[in-house]
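First up is the structure itself, then whatever we jot down about it.
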Amino acid sequence: MFCLTLVDVSFNQLDGAIPNIRAFQEAPFDALRGNKGLCGNATSLKTCPAKLNNGVAKKKSNKLMLLIVLLLGFLFLSLMVVVIVLLIFCKKYRNTKNERRRVNNENLFAIWSYDGKMVYESIIEATENFSTKHCVGKGGCGTVYQADLTSGQVVAVKKLPVSPDGDLANLKGFTSEICALAEIRHHNIVKLYGYCSHQRHSFLVYEFLEGGSLGKILSTEDHVLYFDWIKRVNVVKDVANALSYMHHDCSPTIIHRDTSSKNVLLDLEYSAHISDFGTARFMKPGSSNWTSFAGTFGYAVPELAYTMAVDEKCDVYSFGVLALEVIMGKHPGDLIYSLSSSSSSSSSTSTAHGILLKDVLDQRLPAPENQVAEQVFVVAKLAFACLQANPLSRPTMRQVSMKLSHDRKSHLQNEFHVITLGQLISTAQPLEYLPSILGLYVHVFHFLLRFFKFNPHF
């Protein structure tokens, strides 16, 4: 208290050294008397012993030292906190920079959730804002572009059409395809990397299959010569395996509804992958199976002309058309029409059913022989079984897949070159398929059971 000018501590029984300030040093005797042993630098007091002065100085020095240590400790801790924060920030920045650099050399879509904006910008740049020169195909659900990314990865981008007000023209197809492919894990079904829903561009990103569509290969003379019988049989097996997985191994069951040659893509090794799930439908238990028409004319089941009920047998019929198309090299529409017409007209039965199988096969390839001929025969036989007019007479895709993948050889009862379509059709109804009458009763029973379950007031 250096501003203190007057002090009176008399008669307080105090001892020890007085503070070294002017108020005590100039205090009169009366202000300091009545104390046991005050000492210090004042006219009325004794001088303090040297030991006492050193103790007071040392005490003051210790307090000062403690204050300095605490202050330095606080400054050091603050500095450490700042350094740690800077190190964390620098590490995060460096990791981000390294991650972006790594993206240029690795799979961009391994970090789709990491930086979606980066993926979006990369695709826009790779397709030059969806220029027509990058277009590789068009379908009912969108236009497909090839995107060569800076990382060296090539992807297929299906851009969805957008209405004038900025909304998706086919939002249902967009969501159906995402939901279906998000649930599917099969090597014969095209892989979905991700999707983008944006006001400017909405698209789906898939793995790119260099072989192109099955329909394109069958219609290109240069490619079809390399597409031999073994490759064709394997393509039919791949499609059957994929549909069997969707019908019997997915919960709920997934119906593709548009199995056609334009929606079967091949890689460089001619392995088939089903694509375009924009019309796919989930068969949820207890839900209505009635829907509007979807699919491609020429592959759709004939019963859709009078009923909109959808089930697995719709895909089975489309598979039958596709299997015939693979071995014939063209769409079998005319053949199917002539056979169905001959079934209703006894006068033309011998003409249509008497056609030799070898004469309807793709004439651009040499006729199959030996074991290859047996496999082609099995494909044709199963194709006609799938094309039965009665849906209940068609096999399931699991039955088809198992027969195509069976290890035992299927020996021909007759020489391959003399087998007629009539013989194929007559043997295309094996006993393991549900008999029509019994199957019809079962179908009606299940329908009535579901009807009364969800309509209790009846």
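Here, each number is a calculation from the coordinates, and none is a lab measurement. Treat the numbers as computed from the prediction; the structure is a model and nothing was measured. Here Cβ is always computed from backbone atoms with ideal geometry, including for glycine, and neighbour counts include all displayed protein chains.
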**OP:** Step through the table entries Lys138/Lys358; Lys158/Lys313; Lys92/Lys159; Lys133/Lys330; Lys191/Lys237; Lys231/Lys262, compare each Cα-Cα distance with 24 Å, and write down the pairs that go over it.
**Re:** Lys138/Lys358; Lys158/Lys313; Lys92/Lys159; Lys133/Lys330
Subject >> Stretchable slack from Leu72 to Lys133, in nm (0.36 nm times residue separation minus alpha-carbon distance) >> reply: 15.1 nm
Subject >> Computed lengthening from Glu125 to Arg200, 0.36 nm per intervening residue step minus Cα-Cα distance >> reply: 25.6 nm
Subject >> Peptides 2-8, 207-213, 221-227 ordered by average Cβ neighbours within 10 Å, highest first >> reply: 207-213, 221-227, 2-8
